[in-house]
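Undergrad: Before I ask anything, let me first share the structure, which is written out below as structure tokens.
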Amino acid sequence: QVQLVESGGGLVQAGGSLRLSCAASGSISSINAMGWYRQAPGKQRELVASITSGGSTNYADSVKGRFTISRDNAKDTVYLQMNSLKPEDTAVYYCNAAQRAALSPRIVLNNYWGQGTQVTVSS
């Protein structure tokens, strides 16, 4: 079993910054991909950023150049640095950890979610 604990959300003015943290524990040796998703009221949950065990990263077009995903393997923690925040970034942000098939990474073998942390950006 994998447990994910998120922190760092809050209220910030437009143009400000926040850093989200996600600490993983439990049976994490099989995890080879982690990411951040967000969901605003009335909208579908969307992928914001992801990082693989090999260090490859992907970002939603809406956050490219503003957000950075990173990891600290010694702490089993993944971060999302969010700069130049906009009101449209307001959402609940969820940490995700997954085991994906090595040669078919679109196939998810195991999937875990954090509890979510609220990010609110005011005008």
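Undergrad: Please work out the average accessible area per residue across the chain, using the 1.4 Å probe convention, and give it in Å². Write down the numbers at each step before the final one.
TA: Working: 6730 Å² over 123 residues.
On a per-residue basis, the chain sits at 55 Å².
Undergrad: I'd like to compare 20-29, 76-85: which one has the highest average count of other Cβ atoms within 10 Å, and what's the full order after that? Kindly include the intermediate steps, with their values, before the conclusion.
TA: On the way: 20-29: 16.3, 76-85: 19.2.
So the peptides 20-29, 76-85, ranked by packing, come out 76-85, 20-29.
Undergrad: Kindly rank 95-108, 30-43 from highest to lowest mean number of other beta carbons found within 10 Å of each residue. Display every interim value, and only then the final one.
TA: Values: 95-108: 14.4, 30-43: 16.5.
Result, highest mean first: 30-43, 95-108.
Undergrad: Hey, any idea what % of the chain's accessible area is carbon plus sulfur with a 1.4 Å probe? Spell out each step's value before the answer.
TA: On the way: 3200 of 6730 Å².
Ligands and nucleic acids excluded, carbon and sulfur reach 48 percent.
Undergrad: Another question, then. At I107 and Q1, where each label point lies 7 Å from the Cα along Cα→Cβ, what is the point-to-point distance in nanometres?
TA: Modelled inter-label distance: 2.7 nm.
Undergrad: For the modelled label position 7 Å from the Cα of Q115 along Cα-to-Cβ, which residues of segment 21-52 have backbone nitrogen atoms closer than 17 Å?
TA: Residues 21-26 fall inside that zone.
Undergrad: Here's a follow-up. Please work out how much length the chain gains when fully extended from S122 to A74, using 0.36 nm per residue of separation minus the C-alpha to C-alpha distance, in nm with one decimal.
TA: Numbers: separation 48, 0.36 × 48 = 17.28 nm, distance 3.47 nm.
Full-extension gain reported as 13.8 nm.
Undergrad: Shifting gears a bit: Per the Kirkwood treatment, what hydrodynamic radius in Å, one decimal, follows for the chain from the mean inverse distance over all distinct Cα pairs? Spell out each step's value before the answer.
TA: Working: mean 1/r = 0.0686 Å⁻¹.
Final number for the Kirkwood radius of the chain is 14.6 Å.
The values are calculated or read from the model by the stated rules, or taken from the named source; none is laboratory data. On a predicted model such as this, the values are computed, not experimentally measured, just so you know. Backbone-built Cβ (ideal geometry, glycine too); neighbour counts: all protein chains shown. To get the accessible areas, we keep the full protein, side chains included, count just its heavy atoms, and leave off ligands, DNA and RNA. Shrake-Rupley method; radii C 1.70, N 1.55, O 1.52, S 1.80 Å.
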